[in-house]
Amino acid sequence: MKLRSHNRFGNWVAQFFRAFQSNHLITLPGTLKAKITTLLVLLAAAFVWLCLPAATDSHRIAFACFLPFVAGWIIFKKRNSFWWPPLIIILLILSLGAIYLTASHHVDHWFVGRFVKLITAFLAATFLCWTFVRLGLPKAVARAQVNAFLFFSIAFPFFMFITAFAWWFCAVEINTYPSRPVVRNSTEFAKAYEDYILDYKGLILVGRVGDLTRQDIKIGTPQDFVAYYETSLASFGKSSPASWYPLHYTVTMLDGTEVQVEGNTSRLQTFDWPAPPAFSRYHGLKHGALVAIWADPYQTSDSQVGQKSWALQNTRIIAHGSAENFVENFLRPGVRTARVFGWVGFGCMFASVIPFVLGLRRCFWLRKHGSEGAPKLSSDSAGE
C-alpha cells in the first residue's frame, strides 16, 4: 500500500513538471537587460538624493506613494510577460524598504534585520506561485492531471501563506518586547528565571559592567574600555575600523550580585555607547558604567562547592544607561518599525489566496472539460 501511494505521488509530480515542457527556453532579452539597468540607475540616483540632508520625510512619503503607481503601470503594460511582473514587484518591495531605511532616525536597523530573511522567503514563495500560475496551469489539459495540480494548488499557496504568517508573527512578537521584565537584584532575577520557562523572549538586566575598582580611571587609550568599537570608515589600503568585545562581561547588580553575561559579537548588538571627548571615534563602555542588557537567563553551579550563580546567554543588545532609556529609545521605536512591516505581512497572507483560487478553478475546469487521455509526453519520455 505504501509503495502504491509513493508511485501515485511520483506520477503526480511527473505530470506536473511535464506541463512545463516546451520547445522554447525562457530567456532574458537584451532590451530587457538595458531597461532594467536604466531603471536601477534611476532608483539609485533617487535614493542617493533621499539620503542627503535636504531630503525630508515628506519627500520620502511622496516618493513611496509614487512608486506603486509606476510599478502598477509597468505591470499592466507587461502583463503578458513572464519576467516583468515578478521583477517589478521585487524591485518595488526593495525600493520601499530602502526608502524607509533612509529615515535612519526613525528606524532601528536591528529590528529591520529580523524581517530580511522572512521577506526573502516570502518573495521566493511568491515567485514559485507565479511560475505555477503562468507556466503550469495553462498547460494542464488532461483530466488525469487533476490530482497533481490540485496538490500543487494547495502546496505552493500554503508555502506562500506560511512565510507571510511568519513575517507577520515576528512583528506581533516584537510588540511585546517593551514589557520585558527588568532585573536589578538577585530576587528579581530568580523570579524572572522561573517565568522564563513560559516566556522565551528574555529579560533586561541592569547593573554596573566590568571591574568596579577601576570605575574612576580616566580613559587614556581604547584598551581602557571594557568593550569598544570604532566608527570611522577605513580609507583605501588601510585596515578596517577597530573593535573589541570580550567573550563574557561581568555585571554587578545593585545588590552586589555578580552575573556573567555572554558577550556580543557585532556593533548591531550595542546601543547608545558613549564616546569620550579624547577618543571621539571610539564608542565604548568604561568600567563601572551603568548598562541594560537584554538576554536570556540561566543558572550555573560549581560542582565542587555546590554554589549556584546567575548568568545570561544569547545576548541580544547591550545598552548604555538605564532600563527606562533602553525601552523608550530602542524598544519602542522598534515596535513602531515592526508595526509597519507587520501590516504589510498581514496583507501578504491574503495574497496567497490568489494562486489557490486560480489553481482550484483550473482543477474544476479539468474535471469537466479535460481530455480523457493521458497528457502528451515528449519524444524522449515516450521512448522510455
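The values are calculated or read from the model by the stated rules, or taken from the named source; none is laboratory data. Computed from a prediction, not measured in an experiment: that's the story for all the values here. Neighbour counts run over all protein chains shown; Cβ positions are idealised from the backbone, glycine included.
Go through segment 341-353 and give me each residue that's surrounded by 15 or more Cβ atoms within 10 Å (Cβ to Cβ) and either in contact with a Phe, Trp or Tyr (Cβ under 7 Å, 6 or more places away or on another chain) or modelled with pLDDT of 90 or more (or both). So that I can check it myself, show each step before the final result.
So in segment 341-353, the residues surrounded by 15 or more Cβ atoms within 10 Å (Cβ to Cβ) come out as 341-342, 344-346, 348-349, 351-352.
Answer for segment 341-353, where residues must be surrounded by 15 or more Cβ atoms within 10 Å (Cβ to Cβ) and either in contact with a Phe, Trp or Tyr (Cβ under 7 Å, 6 or more places away or on another chain) or modelled with pLDDT of 90 or more (or both): 341, 342, 345, 346, 348, 349, 352.
Return the residues of segment 166-181 that are part of a helix (DSSP H, G or I) and either in contact with a Phe, Trp or Tyr (Cβ under 9 Å, 6 or more places away or on another chain) or not β-branched (Val, Ile, Thr) (or both); say none if nothing qualifies.
166, 167, 168, 169, 170, 171, 173, 174, 177, 178, 179
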Q) Taking residue 321 and the conditions (1) on the phi > 0 side of the Ramachandran plot; (2) at pLDDT below 90; (3) not aliphatic (A, V, I, L, M), which numbered condition does it fall short on, given that it satisfies the others? A) (2)
**Q.** Output for segment 122-157, where each listed residue is surrounded by 17 or more Cβ atoms within 10 Å (Cβ to Cβ), of a type in the set (Gly, Ala, Ser) and closer than 14 Å to residue 357 by Cα
**A.** 153
Q.
Among the residues of segment 58-66, are any closer than 21 Å to residue 168 by Cβ, in a helix (DSSP H, G or I) and either of a type in the set (A, V, I, L, M, F, W, C) or not assigned by TED's automatic domain parsing to the domain that holds residue 271 (or both)?
A. yes
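Which residues, counting only those in segment 218-230, are over 8 Å from residue 286 (Cβ atoms) and either of a type in the set (A, V, I, L, M) or at pLDDT 85 or above (or both)? Explain how you work it out, then say what you get.
Step one: of segment 218-230, the residues over 8 Å from residue 286 (Cβ atoms) are 218, 220-223, 227-230.
Matches in segment 218-230: 227, 228, 229, 230.
Suppose we filter 73, 83 for residues that are farther than 24 Å from residue 156 by Cα, aromatic (Phe, Trp, Tyr) and surrounded by fewer than 17 Cβ atoms within 10 Å (Cβ to Cβ); which single one remains?
Working: 83 fails: farther than 24 Å from residue 156 by Cα.
Result of the check over 73, 83: 73.
Looking for whichever is among the hydroxyl-bearing types (Ser, Thr, Tyr), under 31 Å from the mean Cα position of the chain (by Cα) and surrounded by 14 or more Cβ atoms within 10 Å (Cβ to Cβ) here; the options are 252, 270. Which one fits? Show your work before the answer.
Working: 252 fails: under 31 Å from the mean Cα position of the chain (by Cα).
270 is the lone residue from the list that is among the hydroxyl-bearing types (Ser, Thr, Tyr), under 31 Å from the mean Cα position of the chain (by Cα) and surrounded by 14 or more Cβ atoms within 10 Å (Cβ to Cβ).
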Q. How many of the residues making up segment 278-302 are touching a strand residue (DSSP E or B) at 6+ places or on another chain (Cβ under 9 Å), part of a loop (DSSP other than H, G, I, E, B) and surrounded by fewer than 17 Cβ atoms within 10 Å (Cβ to Cβ)?
A. 2
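For the subset of segment 191-211 comprising residues that are surrounded by 15 or more Cβ atoms within 10 Å (Cβ to Cβ) and hydrophobic (A, V, I, L, M, F, W, C), which member is farthest from the chain's Cα centre (by Cα)?
We begin by selecting, within segment 191-211, every residue surrounded by 15 or more Cβ atoms within 10 Å (Cβ to Cβ); these are 192-193, 196, 201-210.
Subset that is hydrophobic (A, V, I, L, M, F, W, C): 192, 203-206, 209.
Values: 192: 28, 203: 22, 204: 23, 205: 26, 206: 28, 209: 31 Å.
Out of the qualifying residues, it is 209.
For segment 140-163, state whether one or more residues are in the same structural domain as residue 353 (by TED's automatic domain parsing) and under 15 Å from residue 340 (Cα atoms).
From segment 140-163, those in the same structural domain as residue 353 (by TED's automatic domain parsing) are 140-163; that's our starting set.
In the following step, the residues that additionally are under 15 Å from residue 340 (Cα atoms) were identified as none.
No, the conditions are met nowhere in segment 140-163.
Among the listed residues 316, 332, which satisfies the condition of being at pLDDT 90 or above, in contact with a helix residue (DSSP H, G or I) (Cβ under 6 Å, 6 or more places away or on another chain), over 22 Å from residue 214 (Cβ atoms) and not β-branched (Val, Ile, Thr)? Let's see the steps before the verdict.
On the way: 316 fails: in contact with a helix residue (DSSP H, G or I) (Cβ under 6 Å, 6 or more places away or on another chain).
Going through 316, 332 in turn, just one is at pLDDT 90 or above, in contact with a helix residue (DSSP H, G or I) (Cβ under 6 Å, 6 or more places away or on another chain), over 22 Å from residue 214 (Cβ atoms) and not β-branched (Val, Ile, Thr): 332.
Please go through segment 78-105 and give me each residue that is over 16 Å from residue 344 (Cβ atoms), in a helix (DSSP H, G or I) and in contact with a Phe, Trp or Tyr (Cβ under 8 Å, 6 or more places away or on another chain), ordered by number.
Of all residues in segment 78-105, those over 16 Å from residue 344 (Cβ atoms) come to 78-88, 102-105.
Next cut, in a helix (DSSP H, G or I) only: 84-88, 102, 104-105.
85, 86, 102 - these are the residues of segment 78-105 that are over 16 Å from residue 344 (Cβ atoms), in a helix (DSSP H, G or I) and in contact with a Phe, Trp or Tyr (Cβ under 8 Å, 6 or more places away or on another chain).
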Q) Somewhere in segment 303-316, is a residue surrounded by fewer than 15 Cβ atoms within 10 Å (Cβ to Cβ) and at positive phi? A) yes
